[in-house]
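The values are calculated or read from the model by the stated rules, or taken from the named source; none is laboratory data. Quick caveat: nothing in here was measured; it's all calculated off a predicted structure. A quick note on method: Cβ atoms are made from the backbone with ideal geometry, for glycine too, and the neighbour counts reach across all protein chains shown.
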Amino acid sequence: MRSVFYWRILIVSIIALLLANVVLLAAYTYVGKNTYISIEMANLEPEAEVTRQIYEEYKNGYMNEDAFQRLIEKQTVSSESAILIADALGKILIVRNVGSTVEVQDFGEYYRAEVQNVLRGQTVENNNLELLNGETAVSVGIPVRDTEGNVTGVILIIKQIKRIQSAFNQLNNVLTGTILAILPVVMILVAVSTNRVSKPLHDMSNAAIEMSKGRFDVRANERASGEIGILARALNTLCDNLSQTIYQLQSEKRQLNQLLSSFADGVAAIDNIGCLTHYNPALMKMFGAVEVKVPMDLVPDASIWELFRSVYESREPASLHYSLPNDRALWITIVPVMDEEDECTGVVGLFKDVTDLERLEKTRRDYVANVSHELRTPLTAVRGLLEPLSDGMIQDEETRQRYYRIMLREVVRLSRLLRICWSFRVCSPARNIWNCRRSTCRSFCRIPGRTI
């Protein structure tokens, strides 16, 4: 199937060729006719001069009448003109119109006026002579002189325009036929040349379409000469670079997806127009999402996405404590994603399930309260025994020893409680709620060659 470019070039070339031929024929018809008449006018004067020489030979007795008549008739036939010869009084002596249909009665006033001008010694030319029969003609008149230079006669050569037009039409028909004969050949050559020009472009167009579909193994023909070959090589180079870039991006995307899938915490990212670009299965599990097409399918709470939008507009991180059904709690941290030019390109949200941490924290608080209560009991007992001893109120040695034993027992009990508290501190994790900064999120979200 030919390309649209091929047909456009071909149609434009054919139209231009036809217009050029029409303009050429019109110009030739308009200018060529006048030029042809001018050429005929230029040829009539030498013919008149030859006729004058023949007439002088005849008049001086160097040629008999039969030879003179034959020569005059041959000249009129060859030139398709009429020859008139008059004496010094303007009387017509000889008329020969074998090669023409002009008659003497067709001349009218022209004959007398032109003869008088020639008898005055002038050479007369007329390229638009109107005859009485309605035709137009061209004419040339020259004087006949004797040896002393006196005008003794007139020679007029008249040629009808229709004779010139007939010859011109024959030449015009030949030219038209030649153009019509050459035109198909030229059209074929134009079609072949257009095909040679458009085919590489059509092939490159098909290659570009295949590249846009993800087929980077196609290649344009680089063997074409000139700019088309350069364009094909540039397209192939672009395809190679694009293939490598797409492969790297796909590899990096797979790595990023694997990284996000390995997170126990939820991750969601949107771009500058609010469309989801990344999310992981952990976040889908948190909110029970099955099929995700828009952000509300992932997290069915408009307030969270409004917070995403406000972070994008303000470019300041934000945090939120969010409660889920079944007494589950999330700590959401939302930060903007900035590019190298410090322009915000999107927002990333980290969803941390802190249910177990909050439960553990509550257990810790309860345990610390109980331990505090238990610590106050031995301390109170020890204090109650130390105060009488320090005031010297206990004089009996046996009672003093009993007090010492009680204090020792309470101190041992206090030491045991402290060891238990220390063991609990070492074994229990600290509160681990993410407090991400923008730079941390950028370093987390950035992959080589791309930032989510």
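For segment 193-230, name all the residues that are modelled with pLDDT of 80 or more and among the β-branched types (Val, Ile, Thr).
209, 218, 230, listed by residue number.
Kindly indicate the residue of segment 241-274 that is more than 34 Å from the chain's Cα centre (by Cα) and part of a helix (DSSP H, G or I) and also surrounded by the most Cβ atoms within 10 Å (Cβ to Cβ) among those meeting that condition.
260
Does residue 359 qualify as being in contact (Cβ under 8 Å) with a residue 60 or more places away in the chain, of a type in the set (Lys, Arg) and exposed (fewer than 15 other Cβ atoms within 10 Å of the Cβ)?
no
Looking only at residues that are closer than 22 Å to residue 202 by Cα and of a type in the set (S, T, N, Q) in segment 1-30, which one is modelled with the highest pLDDT?
Of everything passing the filter in segment 1-30, 13 is modelled with the highest pLDDT.
Evaluate segment 326-333: report whether one residue or more is closer than 17 Å to residue 269 by Cα and among the basic types (Lys, Arg).
The answer is no, given that none of the residues of segment 326-333 is closer than 17 Å to residue 269 by Cα and among the basic types (Lys, Arg).
In this structure, is residue 221 surrounded by 12 or more Cβ atoms within 10 Å (Cβ to Cβ) and either part of a helix (DSSP H, G or I) or among the hydroxyl-bearing types (Ser, Thr, Tyr) (or both)?
Answer is no for this residue.
Yes/no per residue for (1) in a helix (DSSP H, G or I); (2) assigned by TED's automatic domain parsing to the domain that holds residue 421; (3) touching a helix residue (DSSP H, G or I) at 6+ places or on another chain (Cβ under 8 Å):
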residue: 300; (1), (2), (3): no, no, yes
residue: 303; (1), (2), (3): yes, no, no
residue: 311; (1), (2), (3): yes, no, no
residue: 319; (1), (2), (3): no, no, no
residue: 322; (1), (2), (3): no, no, yes
residue: 329; (1), (2), (3): no, no, yes
residue: 336; (1), (2), (3): no, no, yes
residue: 362; (1), (2), (3): yes, yes, no
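When you scan segment 145-163, how many residues do you find that are touching a helix residue (DSSP H, G or I) at 6+ places or on another chain (Cβ under 6 Å) and buried (at least 22 other Cβ atoms within 10 Å of the Cβ)?
3
Could you go through segment 416-423 and let me know if any residue there is of a type outside the set (S, T, N, Q) and at pLDDT 80 or above.
Among the residues of segment 416-423, at least one is of a type outside the set (S, T, N, Q) and at pLDDT 80 or above, which makes the answer yes.
Can you list residue pairs whose Cβ atoms sit under 7 Å apart, with the first residue in segment 79-90 being in contact (Cβ under 8 Å) with a residue 12 or more places away in the chain and the second being part of a loop (DSSP other than H, G, I, E, B) and of a type outside the set (A, V, I, L, M, F, W, C)? Count only pairs 6 or more apart in sequence or on different chains.
From residues that are in contact (Cβ under 8 Å) with a residue 12 or more places away in the chain, the pairs are 79/99; 80/99; 80/100; 81/99; 81/100; 82/97; 82/100.
Let's see how each residue does on (1) β-branched (Val, Ile, Thr); (2) modelled with pLDDT under 65; (3) closer than 21 Å to residue 34 by Cα:
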residue	(1), (2), (3)
89	no, no, no
95	yes, no, no
104	yes, yes, no
112	no, no, no
123	yes, no, no
136	yes, no, yes
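If a residue has to be of a type in the set (Asp, Glu) and within 23 Å of residue 339 (Cα to Cα) to count, how many in segment 271-296 make the cut?
So the first thing to find is which residues in segment 271-296 are of a type in the set (Asp, Glu), and the list is 271, 291.
With within 23 Å of residue 339 (Cα to Cα) added as a condition, the list becomes 271.
Number of matching residues: 1.
Mind listing just one residue for me: the one in segment 125-144 that is part of a loop (DSSP other than H, G, I, E, B) and either charged (D, E, K, R) or in contact (Cβ under 8 Å) with a residue 24 or more places away in the chain (or both) and, of those, surrounded by the most Cβ atoms within 10 Å (Cβ to Cβ)? Before you say what the answer is, go through the steps one by one.
Of the residues in segment 125-144, the ones part of a loop (DSSP other than H, G, I, E, B) are 131-135.
Within this subset, residues satisfying the condition of being either charged (D, E, K, R) or in contact (Cβ under 8 Å) with a residue 24 or more places away in the chain (or both) are 131-133, 135.
On the way: 131: 19, 132: 12, 133: 13, 135: 15.
Checked segment 125-144; the qualifying residue surrounded by the most Cβ atoms within 10 Å (Cβ to Cβ) is 131.
Mind listing whichever residues of segment 31-64 are polar (S, T, N, Q) and either on the phi > 0 side of the Ramachandran plot or over 60 Å from the mean Cα position of the chain (by Cα) (or both)?
43, 51, 53, 60, 64, listed by residue number.
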